[in-house]
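Working notes for the structure below.
The values are calculated or read from the model by the stated rules, or taken from the named source; none is laboratory data. Every value quoted in this text rests on a predicted model; they were computed, and no experiment measured them. Cβ placement follows ideal geometry from the backbone for every residue including glycine, while neighbour counts extend to all protein chains displayed.
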């Protein structure tokens with residue numbers, strides 16, 4: 001069978017299943033989620049065995065350490081997968097919620113009903129836990145899912161898929177509500193992102209290359225996560241303790257996450273008091289510092305930052321540092337070099353906090369809190385299907401609500417338009 | 001200057017202006033809207049003179065009557081343009097609204113703030129009033145706008161643009177917040193829909209050809225209105241009077257609008273009582289009827305409908321009619337042939353009404369009301385920038401809210417992630 005025929009078959013089955021899961025009741029969806037979790041816990045050894053084979057093949061191919069790290073499963077991460085599905089079951093069902101049902105002068109009542117998007121295609125790399133998370137989130141939000149994991153994770157993903165299908169069967173839901181592609185052919189992605197009749201939205205999770213390809217070739221709306229060049233701005237009206245605590249945590253709590261600070265901005269007037277102290281903390285933790293001239297005058301161990309550094313998402317123990325004149329220059333810097341992901345100000349000044357919140361155009365803007373909080377669990381959404389750096393449809397962490405839409409409902413008693 | 005250089009200049013200016021209008025306060029935006037309305041009222045003769053030239057050129061080119069009808073302005077439509085701007089001024093400012101600011105277990109407060117999308121590009125044909133409506137809606141929602149009207153309306157659009165710019169100046173806002181392209185070169189659209197750095201969303205308003213071209217070539221999210229194949233389903237538990245009133249109004253109140261019914265579905269059990277009566281009304285009003293075999297058995301004057309008819313948006317006094325077995329078959333018909341725009345059921349049966357609302361996947365679903373109500377004014381949104389048949393971001397009538405997005409705001413007291 002050629003790849004186009006294969007993919008259109010997948011698409012057709014997904015569309016048919018989407019009609020059934022859209023009207024599945026909350027109990028059936030939750031039963032399926034619990035049954036998936038149980039199957040995963042029961043099959044932990046099978047999952048780990050499949051994952052070991054993927055890992056061996058990946059090592060033999062010479063894939064890099066970061067990828068191997070994301071690919072690897074262990075008893076703890078498998079347990080977390082099952083727990084994640086149970087947490088999704090515990091979240092309120094978003095489907096069917098009607099809001100704002102108000103009477104209009106014509107006598108009709110108009111409101112909005114939350115509804116599934118239809119068929120969601122998720123394209124991701126390495127992490128096999130995405131298979132379980134995405135399946136759970138799509139099901140609970142009433143969508144059918146087509147999952148396309150990386151070729152390096154194919155056996156792990158199929159082992160997870162078997163548990164997902166068992167859960168769907170246990171609740172009387174169609175297995176084709178969650179389809180994991182069995183091909184690793186790159187052409188499958190090309191079909192997936194152009195099958196307008198069968199796919200309603202694409203969620204790509206992966207490196208810049210994957211996202212760029214999808215942005216250029218897709219003919220279907222995308223909820224994308226481009227990259228996170230996150231900033232903390234320490235204002236000269238900042239509380240010094242909070243500033244140091246937040247700037248330390250935002251960089252060093254985890255280096256490889258998208259909400260990690262990549263550039264520290266410090267107001268000129270406070271820089272002499274805060275930068276040397278912070279630099280010591282970073283250097284002790286092995287963080288390489290790259291600064292502007294004014295920063296380097298205060299911290300001689302800093303390397304010189306290039307223009308390129310301000311644009312860079314390091315995902316590593318490297319931090320760029322710039323001394324700015326004031327809030328205006330900080331906002332300008334973020335507008336010029338940032339990626340509209342997550343940015344924070346540390347200040348005790350009411351008006352500056354208010355301006356930062358209003359004027360910084362990022363998916364999350366924060367006052368006196370670490371950028372590391374930009375996360376579906378921390379925001380109370382439960383699991384997230386990704387963090388959107390788009391403005392359309394969904395910004396920031398995307399949970400169940402981001403996988404739904406709202407249609408208008410009109411209730412009348414025979415009204416006609418005059 | 002080549003077209004790419006010209007368009008990038010427009011884009012850059014729009015991006016810069018978008019930062020200023022995003023933070024413009026409500027008063028400044030409303031002052032600009034009122035000043036635009038005054039300028040339009042004062043310049044009514046100038047606008048009509050420009051429009052006459054466009055009309056003469058259009059007639060000389062042999063453009064069709066429907067297009068000429070949409071292109072023409074008169075004293076009444078000009079007054080409506082000014083009134084539309086004043087109505088937008090009267091709507092609440094959506095920008096900056098914070099909702100759901102709740103404490104999380106970590107101690108941070110998390111909520112969402114409504115923010116402009118940035119730069120909105122609107123591509124439209126004929127109607128010069130879109131220039132005023134779009135300018136007003138984009139400004140009030142804090143967005144910069146790039147407007148690309150049809151070449152046939154260029155003088156009318158520029159006359160409106162002069163009034164829009166006067167209003168912006170009067171309120172101290174940058175004129176480049178609303179730019180009306182002065183070129184009629186088709187290549188300008190090609191640039192506009194691929195300038196990712198300068199444009200955040202495209203709203204195409206026009207025929208299928210225009211929309212298809214934009215869907216295929218755009219590299220920027222689109223809020224699109226594809227077409228409206230709207231249905232009324234008369235259930236066998238319908239109140240006969242309501243059924244006739246609604247089916248009449250949905251078809252004949254206006255023929256050329258997207259929310260006009262194009263296909264009437266009638267339950268088999270009620271068809272003998274309702275179809276002959278309705279057919280008489282339609283035929284008296286000059287509506288051509290195209291029916292299935294069962295319909296034709298009841299109404300001999302009907303022509304035979306082809307498979308193609310069920311897919312067709314006539315925008316004309318033509319109606320296709322089908323007798324269906326029951327609600328299930330009606331829902332299936334709508335899922336197969338509909339365009340997910342607006343569909344209504346007429347019934348007194350509670351459970352069937354509830355099923356129709358839940359299961360019909362259209363931007364507006366109605367019980368016992370005419371499909372003609374699917375409209376921004378009728379829904380209470382004020383003016384609309386279009387009616388979206390998409391599921392992502394906005395469905396149905398798109399007003400100020402559809403031109404905004406929500407970012408996350410986090411307020412802390414020095415919290416860090418554990």
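Of the residues making up the stretch A:394-418, those that are in contact with a strand residue (DSSP E or B) (Cβ under 8 Å, 6 or more places away or on another chain) and either farther than 21 Å from residue A:110 by Cα or more than 7 Å from chain B (Cβ to nearest Cβ) (or both) are A:394, A:395, A:396, A:397, A:398, A:401, A:402, A:403, A:404.
Which helices (runs of 4 or more DSSP H) does the stretch B:1-79 wholly contain that include 2 or more residues that are touching a residue at least 40 places away in the same chain (Cβ under 8 Å) and in contact with a strand residue (DSSP E or B) (Cβ under 7 Å, 6 or more places away or on another chain)?
Values: elements: B:3-22, B:26-42, B:44-60, B:65-71.
Here the list reads B:3-22.
Being under 17 Å from the mean Cα position of the chain (by Cα) and farther than 24 Å from residue B:63 by Cβ, is that true of even one residue in the stretch B:153-167?
Within the stretch B:153-167, the subset under 17 Å from the mean Cα position of the chain (by Cα) is none.
No, the stretch B:153-167 has no match at all.
Residue B:191 fulfils the conditions (1) assigned to a loop (DSSP other than H, G, I, E, B); (2) in contact with a helix residue (DSSP H, G or I) (Cβ under 6 Å, 6 or more places away or on another chain) except for a single criterion, (1). One residue stands out among those in the stretch A:87-104 that are assigned to a loop (DSSP other than H, G, I, E, B) and in contact with a strand residue (DSSP E or B) (Cβ under 7 Å, 6 or more places away or on another chain): the one that is surrounded by the most Cβ atoms within 10 Å (Cβ to Cβ), which is A:95. In the set (1) more than 14 Å from every other protein chain (Cβ to nearest Cβ); (2) under 30 Å from residue B:381 (Cα atoms), the condition left unmet by residue A:93 is number (1).
I'm trying to understand the selection: among the residues of the stretch B:225-240, which are part of a loop (DSSP other than H, G, I, E, B) and surrounded by 20 or more Cβ atoms within 10 Å (Cβ to Cβ)? Steps first, answer last, please.
Step one: filter the stretch B:225-240 for residues part of a loop (DSSP other than H, G, I, E, B), giving B:225-229, B:235-239.
The answer is B:225, B:228, B:229, B:235, B:238.
Entry remark, the stretch A:186-219: residues being at pLDDT below 90 and under 19 Å from residue A:154 (Cα atoms) number 5 in total. Every condition in (1) out of contact with any strand residue (DSSP E or B) (no Cβ under 8 Å at 6 or more places or on another chain); (2) more than 10 Å from chain A (Cβ to nearest Cβ) is met by residue B:359 except one, and the failing one is (2). Checking each residue of the stretch B:140-150 against the condition of being surrounded by fewer than 22 Cβ atoms within 10 Å (Cβ to Cβ), within 14 Å of chain A (Cβ to nearest Cβ) and farther than 23 Å from residue B:50 by Cβ gives no match. For residue B:198, the criteria (1) under 21 Å from residue A:222 (Cβ atoms); (2) surrounded by fewer than 24 Cβ atoms within 10 Å (Cβ to Cβ); (3) touching a helix residue (DSSP H, G or I) at 6+ places or on another chain (Cβ under 9 Å) hold in every case but one, which is (2). The strands (runs of 3 or more DSSP E) found entirely in the stretch A:272-374 include none that carry 3 or more residues being modelled with pLDDT under 95.
I need the full set of residues from the stretch A:247-278 which are touching a helix residue (DSSP H, G or I) at 6+ places or on another chain (Cβ under 9 Å) and either over 20 Å from residue A:298 (Cα atoms) or without any contact (Cβ under 8 Å) to a residue 24 or more places away in the chain (or both), in order please. Explain how you work it out, then say what you get.
Filtering the stretch A:247-278 for residues touching a helix residue (DSSP H, G or I) at 6+ places or on another chain (Cβ under 9 Å) gives A:247-254, A:256-257, A:259-268, A:270-278.
Of everything in the stretch A:247-278, those that are touching a helix residue (DSSP H, G or I) at 6+ places or on another chain (Cβ under 9 Å) and either over 20 Å from residue A:298 (Cα atoms) or without any contact (Cβ under 8 Å) to a residue 24 or more places away in the chain (or both) turn out to be A:249, A:250, A:252, A:253, A:254, A:256, A:257, A:259, A:260, A:261, A:276.
Does residue B:107 satisfy being surrounded by fewer than 19 Cβ atoms within 10 Å (Cβ to Cβ), outside any helix (DSSP H, G or I), over 20 Å from the mean Cα position of the chain (by Cα) and at pLDDT below 95? Here the answer is no, as residue B:107 does not meet what is asked.
Here are some residues: A:283, A:303, A:327. Which one is away from chain B (no Cβ under 13 Å) and in contact with a helix residue (DSSP H, G or I) (Cβ under 6 Å, 6 or more places away or on another chain)?
Numbers: A:283 fails: in contact with a helix residue (DSSP H, G or I) (Cβ under 6 Å, 6 or more places away or on another chain); A:303 fails: in contact with a helix residue (DSSP H, G or I) (Cβ under 6 Å, 6 or more places away or on another chain).
So the residue among A:283, A:303, A:327 that is away from chain B (no Cβ under 13 Å) and in contact with a helix residue (DSSP H, G or I) (Cβ under 6 Å, 6 or more places away or on another chain) is A:327.
Screening residue B:243 against (1) more than 23 Å from residue B:340 (Cβ to Cβ); (2) buried (at least 21 other Cβ atoms within 10 Å of the Cβ); (3) free of Cβ contacts under 8 Å to residues at least 60 places away in the same chain leaves a single unmet condition, (3). When the stretch A:1-20 is filtered for residues that are more than 15 Å from residue A:198 (Cβ to Cβ) and crowded, with 17+ Cβ neighbours inside 10 Å, nothing remains.
Of the listed requirements (1) at positive phi; (2) facing chain A (nearest Cβ under 8 Å), residue B:386 misses just one: (2).
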